[in-house]
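The structure appears below as structure tokens.
The values are calculated or read from the model by the stated rules, or taken from the named source; none is laboratory data. On a predicted model such as this, the values are computed, not experimentally measured, just so you know. Cβ: placed from backbone, ideal geometry, glycine included. Neighbour counts: every protein chain shown.
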Amino acid sequence: MHFFYKMTKSQQKKTFSLRALLLPYTGILSVMLLFNVLMVIFTIGSVVLIEPLVQLLFPGSIGAGLSPMSSFFLQLINRLIPFSFEQDRLFSFVALFIALYFGKLFFQYASAWVFAPARAGVMQKMREQLYNKILSLPVSYFTEQRKGDLISRSVNDVQEVEATVLKSVQQFISEPLTVILYLIVLFYLDMSFTFFLLLLLPVSGTLIGLTARSLRKRSYRSKVLLGNLMAHVEESIQGVKVIKSFAAERFAGRLFQQHLDTFTREQKKIQRTVDIASPLSEVLGIAVVMIILVTGGIMILSGHSALSPALFITYIVLFIQIINPAKNIATAYANYRRGKSILARVEDVLEADAVILETKCPQNIGKFKEIAFKNVSFAYEKKEVLKNVSFVLHAGETLALVGASGAGKSTIADLMPRFYDVMSGEICLNHINIKEYGLNDLRALFALVPQEVILFNDTIFNNIAFGLSGVSQDAVYESAKIAGAYDFIMAMPQGFQTEVGERGLTLSGGQRQRISIARALLRESPILLLDEATSALDAESEKALQQAIEQATQNRTAFIIAHRLSTIRHADKIIVIENGEIVEYGTHDELMERGKRYFEFMNI
Ligand code: ADP
């Protein structure tokens, strides 16, 4: 199953831009540029040594005229070692060459070295923004399909952006200047010849560009395929128990295999395109040198060029120096284009609409008195899930919601903290529409105990105190006691400091639920939103959990999605919901007396 879906993009101005992220590093980039210039100067210095060296080894071969650059170096050597044998001068040439070459290497490294913090810094900011953005996205954004895809985007794509876009930024800054500096020297050596050779550059550029284009298309497709693959891995890890219990390893494996096959095929094609790029550019490089040799040779032979043999060699070596940076510009451009399409996938997430819009001037919530649903209707996509739901929950009451699975119970609970917004009707808190309050203020009113308990890979203490800073030990112990979790936690080897382990696999379902209740109680939020665990518990756990829920809901406002009959009995009010509509409403005794849906429900 492929999902080339389009994420909703904000219509408002762009909130993310790579340029803005790079802006603070302008200083670093200029220093990098300076080091680069120095590197080129040192390279040129080492190359032009060729001419005086030839002059030294084959005196007279150059003829009367020595180029000013070479004269400069010869004079330099002469001044350094005035009266010496030819051999000593040769050694001095070698020493000078080594010094210049080291200088070149030093500045090459220095230029990369100063860029490193910019590169790492931009990546850090991008990862930070992405993570914060993901947390700020509405619950509705996280469909099963998107979860794996989001992971793929925030791990693989971000890494790819670093390897392509940021690397090409670095090359775009340094390489053109390098080429220009070399060209200046080449023009200085032989103007018309250099002009002629320059005409060759666009030809090789186009050839490289062609491979790059096919690479770009393929790599975007490969990213989408990798997203599918990650979605599958994520699903399998989440549902590992289900897969094992249904002995569905083969089935899951087959699906994975299909995704993997498509992905691998694409990767193979990409690798081949990448592989061809290198021999292709080598052929181009050799061709350029051959052309220089042939045309330059002809010009020299026919007396049209003033270049001496030594200068001709210098010229060729210098021209070869241009090939790499010129190629780098072409690949940087290709990389940049490729990276842009991957960056677009990251931007999709960064620019996704928050959907749940917050009011600009939020009302003060004050003390919680009541929350009322008024003719609320809701649909996830097209299918209507809630129809004209109305009820009131007053402070101090416990309201239980019962109904078959899929009736819309969790949806009602999700609407209160605005995980989703109603389609029609309204939800009022203390007689004001909940949209008039700040989102964080509103959510702080609810302490959520979700059906599927999420425990983090941390100590039990930190799992209970999750999200709160500076919580006292007494407070954590106290809420654990109310939630009936204190005793079993203390019985563990390290008590509250016991590590939960990945996804809490070391705890029983009932224990996990009680830790989750303790976490909710610690928050001291006025309303407890409890989605009872449906998973089967043994009689003892069930009883312990039951007691925990009773204790926790005493003297508190509680909204319980009830699966256990005993919870319902203690509720002040009970709502029976069927296909998104409230069909009955009252206390346990009232509803039993009526003998209709609730009665049937209890007697199943
Ligand atoms: P309950 O909690 O009573 O089992 P829910 O409120 O979870 O019921 O679901 C009500 C209906 O809405 C079901 O038909 C379910 O398939 C559908 N539904 C729930 N969550 C989503 C979602 N995120 N996207 C689309 N449909 C959903």
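Laid out as a table, the results:
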{"read-out": "Residue within region 309-317 that is within 30 Å of ILE180 (Cα to Cα) and within 38 Å of the chain's Cα centre (by Cα) present", "value": "no"}
{"read-out": "Leading residue by the ranking (nearest to GLN551 (Cα to Cα)) among those in region 464-503 that are among the hydroxyl-bearing types (Ser, Thr, Tyr) and part of a loop (DSSP other than H, G, I, E, B)", "value": "SER472"}
{"read-out": "Among the candidates ALA110, ALA163, ALA99, residue that is modelled with pLDDT under 85, of a type in the set (A, V, I, L, M) and under 30 Å from LEU29 (Cβ atoms)", "value": "ALA163"}
{"read-out": "Test result for ALA379, free of Cβ contacts under 8 Å to residues at least 60 places away in the same chain, small (Gly, Ala, Ser), at negative phi and within 16 Å of the ligand (Cβ to nearest atom)", "value": "yes"}
{"read-out": "Residue in region 480-491 that is under 23 Å from SER410 (Cβ atoms) and either of a type outside the set (D, E, K, R) or surrounded by fewer than 18 Cβ atoms within 10 Å (Cβ to Cβ) (or both) present", "value": "yes"}
{"read-out": "Qualifying positions in region 124-139 - surrounded by 14 or more Cβ atoms within 10 Å (Cβ to Cβ) and within 16 Å of the ligand (Cβ to nearest atom)", "value": "LEU137, PRO138"}
{"read-out": "Matching residues, region 120-162, being in contact with a helix residue (DSSP H, G or I) (Cβ under 8 Å, 6 or more places away or on another chain) and of a type in the set (Ser, Thr, Tyr)", "value": "TYR131, SER152, SER154"}
{"read-out": "Hey, LEU401 within 13 Å of the ligand (Cβ to nearest atom), surrounded by 14 or more Cβ atoms within 10 Å (Cβ to Cβ), among the hydrophobic types (A, V, I, L, M, F, W, C) and under 37 Å from the mean Cα position of the chain (by Cα) or not", "value": "no"}
{"read-out": "Cβ pairs under 6 Å, 6+ apart, first in region 410-434 and touching a residue at least 60 places away in the same chain (Cβ under 8 Å) and on the phi < 0 side of the Ramachandran plot, second among the hydroxyl-bearing types (Ser, Thr, Tyr) and within 10 Å of the ligand (Cβ to nearest atom)", "value": "ASP414/TYR420; TYR420/SER140"}
{"read-out": "Residue check for ASP458: more than 30 Å from MET492 (Cα to Cα) and either in contact with a strand residue (DSSP E or B) (Cβ under 7 Å, 6 or more places away or on another chain) or surrounded by fewer than 17 Cβ atoms within 10 Å (Cβ to Cβ) (or both)", "value": "no"}
{"read-out": "Helices (runs of 4 or more DSSP H) wholly inside region 536-604 containing at least 2 residues that are away from the ligand (no atom under 16 Å from the Cβ) and at pLDDT 90 or above", "value": "none"}
